[in-house]
Structure formats: C-alpha cells, structure tokens
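Novice: Handing you a structure now.
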DNA sequence: GATGCTTAGTTAACCGTTTAACCAAGGAGA
DNA sequence: TCTCCTTGGTTAAACGGTTAACTAAGCATC
C-alpha cells in the first residue's frame, strides 16, 4: 500500500504538490499534474482517508443504526439514505441493533470512536437514552429516523402517523364498519401511540365509541400479530375489520387467519400500515397505509449532511412526511362480510 | 471532544501512561489507574480510533458488501457476521450495491480508502473483476460470500448448491413427478449454474430425460419468477412440479399462481430454494432448500478475521456449507395433482 | 557502599495526510 | 537597475494516538 511520499518521489515533486493535485486546492502546472497522475496510476495509490480524517477532523463517514433489518420497511430507507449520501460524497455504513439497547450502545460508541461525522438513528425502544445524549454532546450529529427519542433534542424525520391511521380507519368507517379492532405497536414507542391516536380520532369523528376490548397492544413483531389475531377471531365479538399497525405483524395476522380458515375480505376486512411489496401476492392486494420510505431515508440524510456542513444551524428541525392510503382488495363493505365462523379450519399450521 | 493529552493532564500523568491503562499494555500502579479512569469518566473521553488506526496500521473495521438487502436471504448472513465480528471486537459495517457493479466498485474503493482490515463480499454479477483484484492486491483481505468470483483467488464460504438442488428434485421424483420445470437464476452466476446442475443430476439418476423446454432462466428477481411461471402455466405441457431457484422469484411465482387461479399443491407442486420465514403463512408451508445463512455469515467472518490476524495463511480456503431440505405442504404426490386448468381465475391482479 | 536487577513511569519518534508559511524566479513598473 | 507582485512550488508543523528506548527509584547481593 503506497503513500503520498512514494507518489511524490516517483513524480519528483513534493508531497504538498501531490496533495494539491489530488484535492485541486491550488494551481499546479499541467506537466506536474500529468506526472502526478501517472505516478498515482502506476502505484495504484489510494489516499489514506484515515490520515486525512485525523488532520481535517472529519471523516465524511455517516452511520445508520437500525433496529431490525428484517423489517421490510427499512430497505427503502437504506436505499434513500445511501443514494443521497453517495451523491454528496459521503460514505454511509449501516449496522443493526436487533432492537437491543445494549447493541445500540456499542454501535454508537464504535461510530463515535471512528469519528463518524453523523448518525442516522432509528432507536431501539428503551428508557435509558444516556448513550444517545452522550453521542450528541460529544459532537456527533444525530438525526432520528421514524422514531423520535423522548427527552433528547435532535433533528428528525418522522411520519405523520396519526394522519395515516386516521385516513385508514375513516376508510373502514365509510365501508360501514363499526366494530373495528386495532393491533398496535409497543406503546412505549411514540409512533405506535400516534397511530392509536389516529384510530381513536377517526372513530370519534363518526361518533363510534372506542371499545377498549378492541384495542390490542402488540410489539411490531410477527408473533404478536399472530397471537392477537387468533384471540380476536376466537372472541369475534362482532368485529368486522382489523387495523394492524405494521407490516410484520400483519404477516402474523395472516397466519392466524389461515389457521382458522378465515379468508380476507370474505370473512373479515384487513387494513395495515406498511406495504409488503416483496411479499406473497395476497399482500399486494392489501389495503395499506404506505410510508414513503425512500424519501424518508433521503430527507434524513440530507438533514444530517446539512447539519454537519453548517448549512443548517439553530434549533432542531422535524420533518413530517405524509403516508398515502392505498385501497386494495383486503377491505370490503361491511354488508358483504360473512360474519359467522367457518366451521372447519382449512389447514393446520405446522411448526 | 477531548484527547488523550487532556486526560493525561487531568490525571497528572504522561500520555503514555493513559494509553497503557486503556490498552492494558503495561503494569500501572493501582492509584494511577484509578486517577486515569476518573479523568476518562469525567471528560467522557472516547479514544480516537482513527489516530490509532493510523499508527498501528489496522482499523478493526470490516466491510460487508451485499448486492440486495431486500433479498430475505441476507439478513441472516448479516446477523451471523455481525455477531461473530463483535465477539472478536471488530466493527462490521454493511453496504449494498443494488446488484450494480459501479456501486460495488465505489464501495470497495471507499472501504480501501478507510483502510478496512477486510471485506466480506457477495459480488454483483459482471465480467469486470479488476476492482476486486485491485482491492486484494492492495492488501485488504477479501472473503467471498455465497458467490465466488471467477478468476479471482480468495477465501470463500459457499453453499453446496448442487446438493441442495439434487435432494430437492429427488424428493419431487419420489413423489412421482416426471415433468419437473426449473426456474433458474442468472446463469452467469456460478451458484445458479450449480443449482441447475443438481437438478439435471437428479433427473439423470432416475433416467428422466432433461427437457430443455422445462429449463427457464430467471434472474433471481421477483418479476422473472412471475413471468416465467405465467408462461409455464399457459403452456403447461404436462408439468406437475416446479423447482424455483430462489425465494424472491418464488414470490413472483405465487403471484402468477394466484392470477391464474392455480392453487398449490392442489394444482401443482412447488419447491424452492430459500426459506421465507418472514413471509405470508402460505410460505411457511413451502417445501424448501434452506440455507444456513446465519452460519454462513458467521463462518465467513471467522475466516476473514483469521486471515487478517495471520492465524490463517497460505492458499485460499473454501468452506462449503450444506443446505437442508425441509419438506412441507407445497409438494404433493403426483397422482394427487389436479392437472386440468381451472376454468376461471379467482381474482384479477391489480397494478 | 558499589553493583546490578526490577519495576513504574516518561520522552520522543512515527503513522500519512493537510495547509499555513515561506521562497525563488520571472515579469512589470518606476 | 531596483523594487514589488505573481505564480508555482516546497518546508515543516500539526492531527491523536502507540510504543521502543530510556530513566529513576527501590531493593537485594556481595
């Protein structure tokens, strides 16, 4: 691995000149430029970003810390952020915490140690936020993505969750549904609370009372969707529609439907947050609140880089992006729903 | 952001002593240790990994370059590699190329520039491998993951693709199927060729001729699965089973089934590479060749770190891991398959 | 008391860049 | 011819760590 000194020697110039032609910081005569470029090519020289970072005190490296890469919501975010960062000549690296606060702590510490210029963070739920606060006060810019962290001030890109939920539930109400169940995310997360709130608002608008028995708290993971839907189907209690607060849980809900021989929308209506485009075709027929995930990633990255470069100063800014409701086949008019339980499960689940 | 000098001042010791207590490189008396630790705590000091890297010429940073994070095969790999790297105190960062060779080139250049100690690479298909070769000769260790790169020698962790395909097709043959179609990956990729080869071997073992009309080349992306399955269903040509060479294409195949009103396994048997556990329940009933993705990630990371640390020297080693065939509901005995076309599609596709 | 061996700590060189400060030479203006 | 700019280049001091080489002090041995 050759260094700038070797390049300088080979081109018979000083290392300052090499640096200048590489970075274009000063006029250099054409023939010296050519000699330097030739030397670089011949040696396959790659500037040492680490030495540079040490001197200029910035690395042009951005970290992205996500709670769960298996959640199909995140790939879009990653793409958006990566593209935007690359366009502005930053290097974006991704790491995931598996929703474990301990891992998050380690990752933030590592990124800080490597002097990343900034971090895009979708934090794992947890009450201890000292590591985040420390990261910020140490001088690393942080932008919250999708999940704000209560008690910590920072730029953020968030979804208008209440609005998404409200529109979705309105749609169900327009279809004549009155007993609409909701499977929420973990209510420690603000976005989960907002979605619940949108649900309640929509009901109130239509003078439908909020029945606490129809509000089921999940945790955004597959298993909870499965469990709660199963419970819901057993009691039934007049429920003709379910609103599920994220895509992963919806998959679990479908599992429960299949085990119980329930077909959608024949036997029940289903609407969900998140679009599962990669998924089984029946999902592409899902009525869904779709989040502009690519845009969210892109805007968060922009915010972060603007903050780093000082184009953005002063109080934290919070960008709210709005989701769109896509109405597809999984919701039907209330009077078309067959409310009696199917007599026999179509197929048993296997482990 | 405080430095080692400030810590040294505050603890009234030399910077060498600070370094020594942090790294445990030399005996330091208990009271000095305590003073240093106190200073570190009070200043919230975080050692500058970049300065350290410059001096010791290694960063303990590993890069993982993947072609497509939306492919559900990769999260498992990432987890395995991340865990293993963390255990040995390396920092693993991930980036994805979207199957574009240009992005791969940029990412490798960036990782080299940041002096990553090593790279786990699942390369995008493409004939130009000079950037990979250059990365290696420049001194960065590279381990190929899942996809070897022809013409470049390096350690690798690969799946025994032929074996997986062979066992799967044997299973179909045992169920009495004779006209078995295959939807392959892009045959420029070695793993796609190996899967095809396994398919052919299994057929030959049973004296079933390989009918070229039943070999359809896809590209591992959803759309190709959809298109080829549709084509297959239109011609039908006595096909009673389909073997799909990756999970993403299988989703496309399911879309085609649904559009045509074909049910599985009632109307046709389906077996696939990859397990789509996150997916819709019908997928969890899929007969599948499942790859030990966590293990692959873990072993690749181990190989890489061993190579970096010099515990592993000499010729490249290639680890072959073996997949397991999981037989579930999507395959049925040939005589139970209803071969006539359903008269009317159950549901139309929407955009 | 001189000598040598440990032990605990410090000094200073170095890693590969960037960049402020400096310098030499050529040309313009007086 | 002398001074003063420009222009195009070089020198050398950082940046924040690590670590080999060194020193000082304490102790045992003779």
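Residue by residue, here is whether (1) assigned to a helix (DSSP H, G or I); (2) closer than 26 Å to residue A:67 by Cα holds:
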position	(1), (2)
A:226	yes, yes
A:254	yes, yes
A:264	no, no
A:275	no, yes
A:294	yes, yes
A:297	yes, yes
A:305	yes, yes
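Novice: Same structure again: Picking from A:51, A:38, which residue would you name as being under 30 Å from residue B:133 (Cβ atoms) and more than 9 Å from DNA strand D (Cβ to nearest atom)?
Specialist: Only one candidate passes the filter, namely A:38.
Novice: Hey, another quick one. Of all residues in the range B:36-47, which are in a helix (DSSP H, G or I) and either facing chain A (nearest Cβ under 9 Å) or in contact with a helix residue (DSSP H, G or I) (Cβ under 8 Å, 6 or more places away or on another chain) (or both)?
Specialist: Matches in the range B:36-47: B:36, B:37, B:38, B:39, B:40, B:42, B:43.
Novice: Can you work out which of the residues in the range B:48-63 that are touching a helix residue (DSSP H, G or I) at 6+ places or on another chain (Cβ under 6 Å) and away from DNA strand C (no atom under 11 Å from the Cβ) is farthest from the other protein chains (Cβ to nearest Cβ)?
Specialist: B:62
Novice: Quick check on residue A:30: is it within 30 Å of residue A:295 (Cα to Cα) and either surrounded by 21 or more Cβ atoms within 10 Å (Cβ to Cβ) or within 11 Å of DNA strand D (Cβ to nearest atom) (or both)?
Specialist: no
Novice: Taking only the range B:85-104 into account, find how many residues are more than 12 Å from chain A (Cβ to nearest Cβ) and surrounded by fewer than 22 Cβ atoms within 10 Å (Cβ to Cβ).
Specialist: 3
Novice: Do any residues in the range A:12-33 that are more than 18 Å from residue A:2 (Cβ to Cβ) have Cβ atoms under 6 Å from those of residues that are more than 6 Å from DNA strand D (Cβ to nearest atom) and at pLDDT 95 or above, where the two are at least six apart or on different chains, and which pairs are they?
Specialist: Going by the 6 Å Cβ cut-off, the qualifying pairs are A:26/A:20; A:28/A:20; A:28/A:21; A:33/A:21.
Novice: All but one of (1) modelled with pLDDT under 95; (2) within 14 Å of chain A (Cβ to nearest Cβ) hold for residue B:26, so report the exception by its number.
Specialist: (2)
Novice: Do we have residue A:193 as closer than 20 Å to residue A:158 by Cβ, surrounded by fewer than 17 Cβ atoms within 10 Å (Cβ to Cβ) and modelled with pLDDT of 95 or more here?
Specialist: Yes, satisfied.
Novice: Any residue at all in the range A:66-77 that is more than 40 Å from the chain's Cα centre (by Cα), in a helix (DSSP H, G or I) and away from DNA strand D (no atom under 12 Å from the Cβ)?
Specialist: No: the range A:66-77 contains no residue that is more than 40 Å from the chain's Cα centre (by Cα), in a helix (DSSP H, G or I) and away from DNA strand D (no atom under 12 Å from the Cβ).
Novice: Next question. Residue by residue through the range B:20-32, note down the ones that are more than 8 Å from DNA strand C (Cβ to nearest atom) and at negative phi.
Specialist: Matches in the range B:20-32: B:21, B:22, B:23, B:25, B:30.
The values are calculated or read from the model by the stated rules, or taken from the named source; none is laboratory data. Keep in mind the model is a prediction, meaning the values are calculated, not measured. Methodologically, a virtual Cβ is constructed for each residue, glycine included, from the backbone with ideal geometry; neighbour enumeration extends over all protein chains shown.
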